[in-house]
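Sharing a structure here in structure tokens format.
The values are calculated or read from the model by the stated rules, or taken from the named source; none is laboratory data. For clarity, every value in this text was computed on a predicted model and none was experimentally measured. Please note: Cβ atoms are built from the backbone with ideal geometry, for glycine as well, and neighbour counts cover all protein chains shown.
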Amino acid sequence: MFIGHFAIGLLARRAAPRAGLPVLLAAPQVLDMVFPVLVVAGVEQVAIAPGITAVSPLDLREIGWSHSLVTAIGWSIAFALGYLALTRQRREAIVLGACVMSHWVLDWITHVPDLPLYPGGPKLGLGLWHSLPGTLVVEGALFVAGVWTYATCTRARDRIGAVAWWALVATLVGMYLGAIFGPKPPDADALLVAAFGAWALLAWGWWIERHRAAA
């Protein structure tokens with residue numbers, strides 16, 4: 001998933017009202033933020049295999065340390081405890097930990113069997129990515145719900161708060177459609193550059209948050 005993960009963070013704003021937009025965007029993406037680091041370090045492996053599914057060309061050969069069930073639980077606990085230590089916001093920490101864990105659940109639904117139970121363990125995946133219409137319906141519904149939730153839980157302090165927010169929504173949709181219908185990455189290196197570039201979205205979220213307030 002892509003915008004489906006971001007949707008979870010936006011949906012979580014109602015349950016975690018004190019959590020800022022950058023951390024709401026980051027929490028459901030922790031596993032994918034760790035993944036390119038581990039690939040660059042040679043710990044995990046990915047290749048481009050056009051046609052492997054109807055939606056994604058990614059052949060995720062080894063992702064046990066970022067995306068296994070056991071390590072996902074560990075990343076969730078670590079993120080929640082780190083947030084709690086920094087903010088003392090218990091409710092938000094629990095919600096954000098659940099957001100981190102949601103990544104594995106959504107990937108289990110969409111991926112072909114490439115998600116290990118533990119590093120080196122048996123692999124799971126229900127394979128929604130084999131259906132392009134099904135993927136678009138599921139992720140689209142999640143994203144619409146997330147956008148509506150954040151937009152109704154917050155209000156723009158000024159014009160920037162409105163324009164920057166809806167520009168982010170449009171950018172995410174554009175990136176998603178481009179990833180599905182646009183040209184596929186020529187190799188894994190191009191994919192990693194794009195993955196690291198996505199971190200810039202957190203800075204965008206911080207900018208938006210400065211210009212929005214609780215509704």
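For residues that are more than 19 Å from the chain's Cα centre (by Cα), part of a loop (DSSP other than H, G, I, E, B) and not β-branched (Val, Ile, Thr), tally how many sit in the range 33-48.
Qualifying residue count, the range 33-48: 2.
Can I ask one more? Please count how many residues of the range 105-138 are touching a Phe, Trp or Tyr at 6+ places or on another chain (Cβ under 7 Å) and either under 16 Å from Ala54 (Cβ atoms) or charged (D, E, K, R) (or both).
Matching residues across the range 105-138 total 6.
Can you work out which of the residues in the range 62-71 that are touching a strand residue (DSSP E or B) at 6+ places or on another chain (Cβ under 6 Å) and in contact (Cβ under 8 Å) with a residue 24 or more places away in the chain is surrounded by the most Cβ atoms within 10 Å (Cβ to Cβ)?
Start the filter on the range 62-71 by keeping residues that are touching a strand residue (DSSP E or B) at 6+ places or on another chain (Cβ under 6 Å), which leaves 62, 64, 67-68.
Restricting the remaining residues to those that are in contact (Cβ under 8 Å) with a residue 24 or more places away in the chain gives 64, 67-68.
Numbers: Gly64: 21, His67: 26, Ser68: 22.
Out of the qualifying residues, it is His67.
Scanning for something under 20 Å from Leu192 (Cα atoms), in a helix (DSSP H, G or I) and under 17 Å from the mean Cα position of the chain (by Cα), does the range 49-63 turn up at least one residue?
No - not one qualifying residue is present in the range 49-63.
Right, another one. Based on this model, can you work out whether Gly9 counts as free of Cβ contacts under 8 Å to residues at least 40 places away in the same chain and either small (Gly, Ala, Ser) or not in a strand (DSSP E or B) (or both)?
Judged against the criteria, Gly9 is not a match.
Just to check your reading of the model, which residue among Ser68, Ser102, Ser56 is closer than 17 Å to Phe2 by Cβ, of a type in the set (Gly, Ala, Ser) and at pLDDT 95 or above?
The unique qualifying residue is Ser102.
Do you know which of the residues in the range 125-141 that are within 18 Å of the chain's Cα centre (by Cα) and farther than 25 Å from Ile63 by Cα is surrounded by the most Cβ atoms within 10 Å (Cβ to Cβ)?
So the residue we want is Gly140.
Just the residues that are aliphatic (A, V, I, L, M), more than 13 Å from the chain's Cα centre (by Cα) and under 19 Å from Val23 (Cβ atoms), please, taken from the range 73-97. Let's see the steps before the verdict.
Residues of the range 73-97 aliphatic (A, V, I, L, M): 73, 77-78, 80-81, 84-86, 93-96.
Of the ones still in play, those that are also more than 13 Å from the chain's Cα centre (by Cα) are 73, 77-78, 80-81, 84-86, 93-95.
The answer is Ile77, Ala78, Ala80, Leu81, Leu84, Ala85, Leu86, Ala93, Ile94, Val95.
Looking only at residues that are in contact with a helix residue (DSSP H, G or I) (Cβ under 7 Å, 6 or more places away or on another chain) and surrounded by fewer than 17 Cβ atoms within 10 Å (Cβ to Cβ) in the range 90-108, which one is farthest from Leu192 (Cα to Cα)?
Looking at the filtered set, the residue picked out is Arg90.
Would you confirm whether or not the range 18-32 contains a residue that is without any contact (Cβ under 8 Å) to a residue 60 or more places away in the chain and outside any strand (DSSP E or B)?
Within the range 18-32, the subset without any contact (Cβ under 8 Å) to a residue 60 or more places away in the chain is none.
No, the conditions are met nowhere in the range 18-32.
Within the range 110-124, is there a residue that is in a helix (DSSP H, G or I) and crowded, with 20+ Cβ neighbours inside 10 Å?
Yes, that holds for at least one residue.
How many of the residues in the range 148-189 are part of a helix (DSSP H, G or I) and in contact (Cβ under 8 Å) with a residue 60 or more places away in the chain?
Result for the range 148-189: 11.
How many residues are under 18 Å from Gly9 (Cβ atoms) and either touching a helix residue (DSSP H, G or I) at 6+ places or on another chain (Cβ under 9 Å) or small (Gly, Ala, Ser) (or both) when one looks only at the range 109-152?
16
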